[in-house]
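These notes concern the structure reproduced below.
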């Protein structure tokens, strides 16, 4: 098989390490970029260089930003006393896409997992405690995944905050928007039935 | 190689981008691992939660290969325990202890049945901690470290049993203990099938079973007891 020039092969190898891409799809993507280098490759290279130089974790919440403190943590309008605890930056970005939460966030960086030896010290739980103590927080919304590990973490944090005096809430569980009962697993149906509401 | 069996999911570990390796406790094939292709999908994630009861088909070219599972849900236990911190801690402790204690691919049909019953109790009754304590006794028994609580090892008496010898695992009566009482493990009445099985008694019972789990079992497998068990005991102690 004819090999691409070495520099391009290096790029293909790097692209193949991205999630969702394998060697073959990376080759196709790189070929596409090379063909459109003016419109795509050069701006992408510039953008990547900029991000590589500026991207960093927010020292407060763990969000990814381009300054030591991210835009959400430095916005005074978002200091409304509510803090939403999420597992990962992707979850924070999903919440922000919905544009329904006006408070601040805290990214844990994972969930407690005995299997992977992830304990409280491996997560950003101590930092969460110090933020709650110092930032005048009145409500902690635990927006963690509805999985066994996620809910174990929810209960652990709730235990830690038991005597802190802050209100603790978690996201509701049940039928998703557009969901059809026939396609739901029995656990979701059971959770939805338990959390039914009066009309 | 192919077999079909029913099992309880113990753990899930990501494997590559789209697959997972699951560890299950099955009725006829014991604790068994295998790959589930597409296990991280939105359809599969709710099914592949620890504690779920699954219908499993395992296939591999050779019997000692890891192999892959085809999984069908029988029933999920996630929703039943998710909002109950003690039940959730119980489920985590059961799954962790089975993974810790049982060797792979060795059938323990009695223990499997006991584990399924215990998992079912978690969301049904608040009395499950006593069943959990009895399940730990059964686990020790199954692995050859069973306790003999039938009579006093010193006097032979059937009455007044109050302690367990930390070395032999045999019951000792109040009279037989004499001045050695402070060196013996507690034998709460609930371990003898008597009394009201308060949380305090159950914690005492778990400290006794924990001594043998840590001293005999953990020593023989060269690992520490899972932290999930400590968390359950901590919650029970605070509740009591």
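General remarks:
For every residue, the table says whether it meets (1) within 18 Å of the chain's Cα centre (by Cα); (2) at pLDDT below 90; (3) part of a helix (DSSP H, G or I).
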{"residue": "A:93", "(1), (2), (3)": "yes, no, yes"}
{"residue": "A:102", "(1), (2), (3)": "yes, no, no"}
{"residue": "A:116", "(1), (2), (3)": "no, yes, no"}
{"residue": "A:127", "(1), (2), (3)": "yes, no, yes"}
{"residue": "A:158", "(1), (2), (3)": "no, no, yes"}
{"residue": "A:189", "(1), (2), (3)": "no, yes, yes"}
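- Conditions (1) at pLDDT 90 or above; (2) surrounded by 13 or more Cβ atoms within 10 Å (Cβ to Cβ); (3) assigned to a loop (DSSP other than H, G, I, E, B): number failed by residue A:173: (1)
- Among the residues of the range B:48-66, none qualifies, meaning not one is over 24 Å from the mean Cα position of the chain (by Cα), crowded, with 16+ Cβ neighbours inside 10 Å, within 25 Å of residue A:113 (Cα to Cα) and not assigned by TED's automatic domain parsing to the domain that holds residue B:116.
- Picking from residues in the range A:48-77 that are closer than 17 Å to residue A:94 by Cα and in contact with a helix residue (DSSP H, G or I) (Cβ under 8 Å, 6 or more places away or on another chain), the one that is surrounded by the fewest Cβ atoms within 10 Å (Cβ to Cβ) is A:64.
- Condition met for residue B:124 (assigned to a loop (DSSP other than H, G, I, E, B), within 14 Å of another protein chain (Cβ to nearest Cβ) and under 25 Å from residue A:190 (Cα atoms)): yes
- Within the set B:13, B:31, the sole residue that is facing chain A (nearest Cβ under 9 Å) and part of a strand (DSSP E or B) turns out to be B:13.
- Filter result for residue B:73 (part of a strand (DSSP E or B), at the interface with chain A (Cβ under 8 Å from one of its Cβ atoms) and under 23 Å from the mean Cα position of the chain (by Cα)): yes
- Summed over the range B:180-191, the residues that are over 19 Å from residue B:167 (Cα atoms) and touching a residue at least 40 places away in the same chain (Cβ under 8 Å) give a count of 1.
- The listed residues are A:34, A:10, A:30, A:59, and the only one of them that is without any contact (Cβ under 8 Å) to a residue 12 or more places away in the chain and assigned to a helix (DSSP H, G or I) turns out to be A:10.
- Any hit, the range B:82-98, residues being closer than 30 Å to residue A:168 by Cα, assigned to a loop (DSSP other than H, G, I, E, B) and within 12 Å of chain A (Cβ to nearest Cβ): yes
- Residue A:29 surrounded by 14 or more Cβ atoms within 10 Å (Cβ to Cβ) and not assigned by TED's automatic domain parsing to the domain that holds residue A:125: yes
- Only one entry in A:179, A:187 is touching a strand residue (DSSP E or B) at 6+ places or on another chain (Cβ under 9 Å) and either farther than 25 Å from residue B:20 by Cβ or surrounded by 12 or more Cβ atoms within 10 Å (Cβ to Cβ) (or both), namely A:187.
- Residue satisfying condition, being at pLDDT 95 or above and facing chain A (nearest Cβ under 9 Å), within set B:23, B:55, B:5: B:23
- Test: residue in the range A:38-46 that is outside the structural domain of residue A:106 (by TED's automatic domain parsing), over 21 Å from residue A:109 (Cβ atoms) and either touching a strand residue (DSSP E or B) at 6+ places or on another chain (Cβ under 6 Å) or surrounded by 15 or more Cβ atoms within 10 Å (Cβ to Cβ) (or both): yes
- Only one entry of B:187, B:235 meets the criterion of being within 14 Å of another protein chain (Cβ to nearest Cβ) and either buried (at least 19 other Cβ atoms within 10 Å of the Cβ) or in contact with a strand residue (DSSP E or B) (Cβ under 9 Å, 6 or more places away or on another chain) (or both), and that entry is B:235.
- Looking across the range B:154-192 at every residue that is over 24 Å from residue B:216 (Cα atoms) and in a loop (DSSP other than H, G, I, E, B), the one that is farthest from the chain's Cα centre (by Cα) is identified as B:155.
- Within the range A:104-114, the residues that satisfy the criterion of being modelled with pLDDT of 90 or more and either within 14 Å of chain B (Cβ to nearest Cβ) or surrounded by fewer than 15 Cβ atoms within 10 Å (Cβ to Cβ) (or both) are A:110, A:111.
- The residue pairs whose first member lies in the range A:81-100 and is on the phi > 0 side of the Ramachandran plot and surrounded by 17 or more Cβ atoms within 10 Å (Cβ to Cβ), whose second member is at pLDDT 95 or above and assigned to a helix (DSSP H, G or I), and whose beta carbons are closer than 8 Å, counting only pairs six or more residues apart or on different chains, do not exist in this structure.
A quick yes/no check of all residues on (1) at pLDDT 95 or above; (2) more than 14 Å from every other protein chain (Cβ to nearest Cβ):
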{"site": "A:3", "(1), (2)": "no, yes"}
{"site": "A:6", "(1), (2)": "no, yes"}
{"site": "A:18", "(1), (2)": "no, no"}
{"site": "A:21", "(1), (2)": "no, no"}
{"site": "A:32", "(1), (2)": "yes, yes"}
{"site": "A:38", "(1), (2)": "no, yes"}
{"site": "A:49", "(1), (2)": "yes, yes"}
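- Qualifying position, being without any contact (Cβ under 8 Å) to a residue 24 or more places away in the chain and surrounded by 14 or more Cβ atoms within 10 Å (Cβ to Cβ), among B:199, B:159, B:230, B:148: B:230
The values are calculated or read from the model by the stated rules, or taken from the named source; none is laboratory data. Computed from a predicted model, the values in this text were never measured in an experiment. For neighbour counting, all protein chains shown are included, and Cβ atoms are generated from backbone atoms with ideal geometry for every residue, glycine included.
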